[in-house]
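Peer 1: Following this message is one structure expressed as structure tokens.
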Amino acid sequence: MKDNMNFSVLNGADAPVPIPKDPGSIDMSQYLSTIPDYDDNFTIEIIIQKILTSDKQYDLSKIISAYEFAAKAHEGQKRSSGQEYIIHPLAVANILLNLGMDTDTVCAALLHDVVEDTPASLNDLKKRFGQDVAMLVDGVTKLSKIPLFTEEQQQAENIRKILLAMSQDIRVMIIKLCDRLHNMRTLKYRPIDKQRRTALETMNIYAPIAHRLGIRAVKEELEDLAFHYLDPFAYSEIEGILENKKEERQAFIEIIKSRIAQRFNSEEFSEPPQIDGRVKSIYGIYKKIFVNHKNIDEIYDKYAVRIIVTSISECYNVLGLIHDMFHPLPNRFKDYISTPKSNMYQSLHTTVLGKEGIPFEVQIRTWDMHETAEYGIAAHWKYKEGIQGKDKMEQRLSWVRQVIEAQQTSDDVEEIVRIIKTDLAPEDIVVMTPRGMSICLPIESTVIDFAYRIHTEVGHKTVGAKVDGRIVPLDYKLQTGQICEVITSKDPEKGPNRAWLNIVRTNEARSKIRSWFKKERREENITEGKAALEKEFRRHRINLDESEYTAFLEDDFKRHNCGTIEDFYASIGYGGVLLSKIIPRLKDKYEKQYASERAPQSPQVIKLKSEEKTGSIILDQIDDIVVKFAQCCNPLPGDDIVGFITRGHGISVHTTRCTNYRAMLERNNQEELSRWCDIQWSEHSNSQLQTSFEVVAVDRVGLVYDISAVLMEARVPIVHSSSRRLKNGNALFEGAIIISSTEQLKTLFDKLRKIKGVITVERSAI
């Protein structure tokens, strides 16, 4: 098997090979002809030739019957490229054959669009091809359009349906990934807006799922193709760099392989090791260069040599030989054999330096590990005829159940997309318990995530933690190799804190926190949720009587599977419904239905009566005089304010801390004093005002990126920003933003102060 293994699993059609004698009774002469190029005119001949030359046993008659059924159903249909539609199902079947999938999977690939795009029904497929094929096709078929749903919700419901089917049979997702792969290969024929939308969905959903299933080749090609459409400039730049050094790179890898092979000749192995070379994918290099702010020369694993041996003991022996031959770089060794990745990937990784002065990575693994690394869960069909045993299937697919459960606790169908983007990300960390058990978590996971991964009750009763023997806060972000000890409360009434929902990284933890509040604190949730919704309504100038809430929100609480408005409030209270997701839609709805008849008076215009000059003026209750907010102090709702009556320009609003106002008090000029008046914000002020701030921090690469990321996450509009290096070596970031209150500004400043290296965060004049 090893000598004949095909390492390039997804390169399209293989070179023509002699066709064995027809093994079945069906007449195949009509299908056999010269095999065309991959994307020009894909036909059934490629499928037949692969099957006839494969080591696996296939029911060729059933596959050809599926092809004929699909060809007839799709007759007359064209793809965007102008080709016959049947080329697409054939291409998907071809990729699945390269992955070694079974007969029913190949049949389902050929038939995967007939129910969605033709008059054929699932019953037709069940009668002709059996229950398994019909089930696989049904799992891949999209839901029919539901008028109530937005495009994003429709996408989320389709993903949820696929995951539910996948939890019953993993082949559903493998078909879907191959379907998406061929669609991405031919995406150039689609409109530009469709290209970007499909590429973004691929990057956020399908590539992470391919990673979790361990199908490396599919994952990397999906990422590269999506990256090509999302950032064509960066893609071309990296591609150009790699192309310019192509011959130099190949020569370097060949020299290293030759040197290692020569050393291995003097060592004893049960079988000669196989030595391969590879170059990191374009998107993999992009993440290191642009996301981690590195130069391409600082990417130590862009060159890699893979060594495949027979046993685990030989893996560690080879590691010793490599470290003897080359100089190992510190902190660049990873043992994924003793602590496998979440997708069951196992290998030894070490980065070393040769005499050429060029660092490169060496990956050492056994053949079984290599099969899992290349084909992931599909390796069970390629080499083992499917996953044997229910327990093993449950173990491999436990994350699917966690994703579905997390989405169900949120009452938001779109949550499933956010879960996949975060929990299935390729980057992860391995943290140890004091007893030596390794816990795998997504990168940037906190102590609370760690506690909930150990056990739900441990998470609920967490009151503190020690990392490497040192007390850390609950929002501390863990790193690979650390030992974390969770400190719990013995109080039986102890439960999670509502603020944890904003701290945790994993959706598993977020789901368990929500479930606790949903079960234990319903009345509190209703109160919290209603108050939060009313606050957002005031902030966005949605003026409704309480009696109007039910009718206005009815569509939304039904959309989130809430039977009553109290259920909807409760769901907001425990985090099941995110206000940030629903408010934009509710604001649009309000403006269409009520805004014209209930337009609020502008807080920018006031009316000032003579007898009110010594009294307190409410900004939102007066008109006819222009109000300006002074740029010298940037007043915000929540600040103590005073008004200055200008000559011909209305009232200028200042804070009581304003240097100009205090200077006036010190001068004690009666004429000036007579022009100042007491004013105050209305109880429900909804002003969105510009303010400025300054961040002083230790100068480092990525500082501006981290500050911008906090502002984007807080959904704060940025008017302008700039940064410069100070004489003392620190950096100064200056920004102007639109903010609604001092409370919101304080929350934002607290987040900015947590950024690595930040010294001070202060308000400033515009």
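Peer 1: Would you call residue 537 assigned to a helix (DSSP H, G or I), in contact with a Phe, Trp or Tyr (Cβ under 8 Å, 6 or more places away or on another chain) and either over 29 Å from residue 444 (Cβ atoms) or among the polar types (S, T, N, Q) (or both)?
Peer 2: no
Peer 1: Do you know which residues across segment 486-516 are hydrophobic (A, V, I, L, M, F, W, C) and part of a loop (DSSP other than H, G, I, E, B)?
Peer 2: 503, 504
Peer 1: Show the residue pairs meeting these rules: Cβ distance below 8 Å; 6+ apart or different chains; first residue within segment 314-334 and modelled with pLDDT of 90 or more; second residue acidic (Asp, Glu).
Peer 2: 317/267; 321/267
Peer 1: Filter segment 340-358 down to residues that are open to solvent by 20 Å² or more (accessible area, probe 1.4 Å) and either of a type in the set (A, V, I, L, M) or in contact with a Leu (Cβ under 8 Å, 6 or more places away or on another chain) (or both) and give me whichever is nearest to residue 303 (Cα to Cα).
Peer 2: Looking at residues that are open to solvent by 20 Å² or more (accessible area, probe 1.4 Å) and either of a type in the set (A, V, I, L, M) or in contact with a Leu (Cβ under 8 Å, 6 or more places away or on another chain) (or both), I get 358.
Peer 1: Return yes when residue 532 is at pLDDT 85 or above and not β-branched (Val, Ile, Thr) and no when it is not.
Peer 2: Details: at pLDDT 85 or above: no; not β-branched (Val, Ile, Thr): yes.
Criteria not met by residue 532.
Peer 1: Same structure again: Test of understanding: among 121, 65, which residue is farther than 30 Å from residue 371 by Cβ, at pLDDT 90 or above and of a type in the set (S, T, N, Q)?
Peer 2: Residue meeting the stated conditions: 65.
Peer 1: Assuming residue 152 fulfils every condition listed in (1) farther than 23 Å from residue 196 by Cα; (2) modelled with pLDDT under 65 apart from one, which condition is it?
Peer 2: All conditions pass for residue 152, except number (1).
Peer 1: Restricting to segment 50-91, give me the number of residues that are closer than 21 Å to residue 181 by Cβ and of a type in the set (S, T, N, Q).
Peer 2: Result for segment 50-91: 5.
Listed here are the residues, each with its yes/no results for (1) modelled with pLDDT of 80 or more; (2) open to solvent by 70 Å² or more (accessible area, probe 1.4 Å).
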| site | (1), (2) |
| --- | --- |
| 680 | no, yes |
| 696 | yes, no |
| 745 | yes, no |
| 754 | yes, yes |
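Peer 1: Applying the selection to segment 498-521, what residues are open to solvent by 80 Å² or more (accessible area, probe 1.4 Å) and either touching a His at 6+ places or on another chain (Cβ under 9 Å) or free of Cβ contacts under 8 Å to residues at least 24 places away in the same chain (or both)?
Peer 2: Answer for segment 498-521, where residues must be open to solvent by 80 Å² or more (accessible area, probe 1.4 Å) and either touching a His at 6+ places or on another chain (Cβ under 9 Å) or free of Cβ contacts under 8 Å to residues at least 24 places away in the same chain (or both): 502, 519.
Peer 1: Still on this model: For a quick check of your reading: which helices (runs of 4 or more DSSP H) sit entirely within segment 77-132 and have at least 3 residues that are free of Cβ contacts under 8 Å to residues at least 24 places away in the same chain and either closer than 30 Å to residue 192 by Cα or open to solvent by 10 Å² or more (accessible area, probe 1.4 Å) (or both)?
Peer 2: Because the criterion is at least 3 residues that are free of Cβ contacts under 8 Å to residues at least 24 places away in the same chain and either closer than 30 Å to residue 192 by Cα or open to solvent by 10 Å² or more (accessible area, probe 1.4 Å) (or both), the helices (runs of 4 or more DSSP H) in segment 77-132 that meet it are 122-129.
Peer 1: Suppose the filter is aromatic (Phe, Trp, Tyr), within 20 Å of residue 524 (Cα to Cα), buried (at least 20 other Cβ atoms within 10 Å of the Cβ) and within 27 Å of the chain's Cα centre (by Cα); does residue 574 pass it?
Peer 2: Criteria met by residue 574.
Peer 1: Just to verify a result, which residue in segment 720-743, among those that are hydroxyl-bearing (Ser, Thr, Tyr) and open to solvent by 60 Å² or more (accessible area, probe 1.4 Å), is modelled with the lowest pLDDT?
Peer 2: The qualifying residue modelled with the lowest pLDDT is 721.
Peer 1: Could you run through segment 450-497 and say how many residues are touching a residue at least 24 places away in the same chain (Cβ under 8 Å), closer than 22 Å to residue 436 by Cβ, small (Gly, Ala, Ser) and open to solvent by 20 Å² or more (accessible area, probe 1.4 Å)?
Peer 2: 1
Peer 1: Let me ask something else about it. Among the residues of segment 279-313 satisfying the criterion of being at pLDDT 85 or above and open to solvent by 20 Å² or more (accessible area, probe 1.4 Å), which is nearest to the chain's Cα centre (by Cα)?
Peer 2: 306
Peer 1: If you take the residues of segment 698-719 that are free of Cβ contacts under 8 Å to residues at least 24 places away in the same chain and hydrophobic (A, V, I, L, M, F, W, C), which of them is most open to solvent (accessible area, probe 1.4 Å)?
Peer 2: The residue in question is 712.
Peer 1: For segment 400-468, give me every one of the helices (runs of 4 or more DSSP H) that falls completely inside it and has 1 or more residues that are more than 29 Å from residue 207 (Cβ to Cβ), touching a strand residue (DSSP E or B) at 6+ places or on another chain (Cβ under 8 Å) and modelled with pLDDT of 90 or more.
Peer 2: 447-454, 456-460
The values are calculated or read from the model by the stated rules, or taken from the named source; none is laboratory data. Everything numeric in this text was worked out from a predicted model, so none of it was measured. Heads up, the Cβs are rebuilt from the backbone with ideal geometry, glycines too, and the neighbour counts pull from every protein chain shown. Side chains are part of the model used for accessible areas, which takes the heavy atoms of the whole protein and leaves out ligands, DNA and RNA. Shrake-Rupley method; radii C 1.70, N 1.55, O 1.52, S 1.80 Å.
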